[in-house]
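We did not get these values from a lab; they are worked out from the coordinates using the rules stated. Worth saying up front: this structure is predicted, and the values here are computed from it rather than measured. Counting neighbours? That spans all protein chains shown, and the Cβs are built from the backbone with ideal geometry, glycine included.
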Amino acid sequence: MNSVICNAISRRAVINFHYHGGSRTVEPHCHGISGAGNEVLRGYQTGGYSESGNPIGWKLYEVPDMRSIQITEETFGQNRPRYNPNDRSMRVVHCHV
């Protein structure tokens, strides 16, 4: 479990990190273990780099690939549309909004 990510989730704080080729800005919503056994973060990306060319929207990040995670002073209020705290991509949830 990544305590920095869970801290950000509990505070509803936006995070910045480097992931697969570029910096990303994300509202973290749910952190846990995927069905494949990987530590993951489900977040709503609001800006930054995207391999797919679509930097805005729901994404699933593998935590070991996230670098230089920084909690920002920016917070988010309500959950984004289509947020599901019972994310089927995760078999174990460590923390969620």
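If only residues of the range 74-97 that are in contact with a Cys (Cβ under 7 Å, 6 or more places away or on another chain) and without any contact (Cβ under 8 Å) to a residue 60 or more places away in the chain are counted, the one that is surrounded by the fewest Cβ atoms within 10 Å (Cβ to Cβ) is PRO85. Just a yes or no: is a residue in the range 58-71 over 17 Å from ASN7 (Cα atoms), touching a Ser or Thr at 6+ places or on another chain (Cβ under 7 Å) and outside any loop (DSSP other than H, G, I, E, B)? Yes: the range 58-71 contains one or more residues that are over 17 Å from ASN7 (Cα atoms), touching a Ser or Thr at 6+ places or on another chain (Cβ under 7 Å) and outside any loop (DSSP other than H, G, I, E, B). When the range 20-56 is limited to residues that are among the hydroxyl-bearing types (Ser, Thr, Tyr) and more than 18 Å from MET1 (Cα to Cα), the one that is surrounded by the most Cβ atoms within 10 Å (Cβ to Cβ) turns out to be TYR44.
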